[in-house]
Amino acid sequence: MNPRRNNIRTLSLTELETFFHSIGAEKFRARQVYEWLWKKAARSFDQMTNISVETRAKLSESFTLDSITLNTTQKSEDGTIKMSFRLFDGHIIEGVLIPSGTRMTACISSQVGCNLACKFCATGMIRYIRNLNFDEIFDQVAIIAETARHEYNLPLSHIVYMGMGEPMLNYQNVLKSAERISAPDGLAMSPQRITVSTVGVAPMIRQLGNDKVKFHLALSLHSAINEKRNQIVPYNLRNSLGDLIEAVKYFHQQTRTRITLEYVMLKGFNDTMEDAKALAEFCKNFPVKINLIQYNPVENVPYEDSGLERTEAFKAFLEKKNLVVNIRRSRGKDIDAACGQLANKILKQNQENK
């Protein structure tokens, strides 16, 4: 059995130069290929049109280009576009383009499946298969950016790592993908336009502080009461709210960036005034802004959305505590593209095939 060729996107520019030297080609060809890979986001060697056919054949013989391909596209009544992507090994992931005026946001995945099993999330109901490689994460952004230009004639403006998977359990690939997305010789997007969301992996939040990352951090909190959070976010049993507070404090000390708290509103569970008081107390530890998120239905899950009246009352209480609070309306609910719904259709298909 022949060994698998190396993925060319794992090579640095220097390593590419060494390769071209080894085949007797001009050194500048390495920079051309590197530009095709990262600035132009080429997903095949055949796209590299200023490289000779012979050289492209040599690249194809020597390396793989493990790019992802667009599998399906669905467009919501509100303009949200959900895409499924097929990976080089056949697995499927999902990403979303969320338009809002001139703001174009890509919601991208970091893992195939998820093993955290949050009780209100469709992705948590499908098994974890593997981490995404950094270039697979990069490809999602490139394809969604192309879709934004094609559908809305606008550039991609923001990126959120809030799709399938837990980014902090794929730490190195997430950081490397963010570097390639924001690098001048990559997609050149500002890291200030990138947000990475975590359910709260305390050691890796501290590591983000040590690495002094330039992107923003969002914490999927959903309850500031340990006993309640344990029920809906099982990972809280390993990383309690006390652990999170200390980790996020450290992250803020190192980066001086404000943290975003994501809070899904669940009727009768985490939307009482007791919950609001606990959240306000939690927010005393570091500067935050709070996103109250409308809950989106997932089959066989016993939760309901709090509704606008209860959400507005919750928001009003927090604002009296001088907190910055936004209510995030559902986008793409009709195509299972809303928050917590990614992989809903994959889950249904898996159930039907059993």
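The values are calculated or read from the model by the stated rules, or taken from the named source; none is laboratory data. Because the structure is predicted, anything quoted here is derived from the model rather than measured. Here the Cβ positions follow ideal geometry from the backbone for every residue, glycine too, while neighbour counts run over all protein chains shown. Just the protein is used for accessible areas: all its heavy atoms, side chains included, with ligands, DNA and RNA removed. Shrake-Rupley method; radii C 1.70, N 1.55, O 1.52, S 1.80 Å.
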> If Tyr152 satisfies every condition in (1) more than 12 Å from the chain's Cα centre (by Cα); (2) closer than 22 Å to Ile194 by Cα; (3) crowded, with 20+ Cβ neighbours inside 10 Å but one, which is the exception?
Replying inline: (3)
>> For the structure I just gave you, tell me whether Ala218 is among the small types (Gly, Ala, Ser), assigned to a helix (DSSP H, G or I) and touching a strand residue (DSSP E or B) at 6+ places or on another chain (Cβ under 8 Å).
In response: no
> Going by the conditions given, is Leu241 under 19 Å from the mean Cα position of the chain (by Cα) and surrounded by fewer than 21 Cβ atoms within 10 Å (Cβ to Cβ)?
Replying inline: no
> Cβ-Cβ below 7 Å, separation at least six or inter-chain, first residue in region 49-72 and of a type in the set (A, V, I, L, M, F, W, C), second in a helix (DSSP H, G or I) and surrounded by fewer than 18 Cβ atoms within 10 Å (Cβ to Cβ): which pairs?
Replying inline: Ile51/Gln32
> Hey, among the residues in region 110-143 that are of a type outside the set (A, V, I, L, M, F, W, C) and assigned to a loop (DSSP other than H, G, I, E, B), which one's surrounded by the fewest Cβ atoms within 10 Å (Cβ to Cβ)?
Replying inline: Arg127
>> Would you confirm whether or not region 316-325 contains a residue that is at pLDDT below 80, more than 21 Å from the chain's Cα centre (by Cα) and open to solvent by 20 Å² or more (accessible area, probe 1.4 Å)?
In response: no
> How do the pairs read when you match residues in region 75-93 that are at positive phi with residues anywhere that are crowded, with 17+ Cβ neighbours inside 10 Å, using Cβ under 6 Å and keeping only pairs 6 or more apart or on different chains?
Replying inline: Gly79/Pro99
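Name the residue that is farthest from Ile259 (Cα to Cα), counting only residues in region 271-284 that are without any contact (Cβ under 8 Å) to a residue 60 or more places away in the chain and open to solvent by less than 50 Å² (accessible area, probe 1.4 Å).
Going residue by residue through region 271-284, those that are without any contact (Cβ under 8 Å) to a residue 60 or more places away in the chain are 271-281, 283-284.
Then keep just the ones that are open to solvent by less than 50 Å² (accessible area, probe 1.4 Å); that gives 271-272, 275-276, 278-280, 283.
Values: Asp271: 21, Thr272: 23, Asp275: 19, Ala276: 18, Ala278: 17, Leu279: 14, Ala280: 14, Cys283: 10 Å.
Ranking the candidates gives Thr272 first.
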> Since Val160 meets every condition but one in (1) within 22 Å of Ser100 (Cβ to Cβ); (2) in a loop (DSSP other than H, G, I, E, B), which condition does it not meet?
Replying inline: (2)
>> For the condition buried (at least 16 other Cβ atoms within 10 Å of the Cβ) and either of a type in the set (Ser, Thr, Tyr) or modelled with pLDDT of 95 or more (or both), what is the one hit in Ser157, Ser190?
In response: Ser157
>> I'd like to check which strands (runs of 3 or more DSSP E) are fully inside region 23-105 and have at least 2 residues that are in contact with a helix residue (DSSP H, G or I) (Cβ under 8 Å, 6 or more places away or on another chain) and open to solvent by 30 Å² or more (accessible area, probe 1.4 Å).
In response: 69-75
> Ile245: under 29 Å from Asn210 (Cβ atoms), in contact with a Pro (Cβ under 9 Å, 6 or more places away or on another chain) and modelled with pLDDT of 95 or more, yes or no?
Replying inline: no
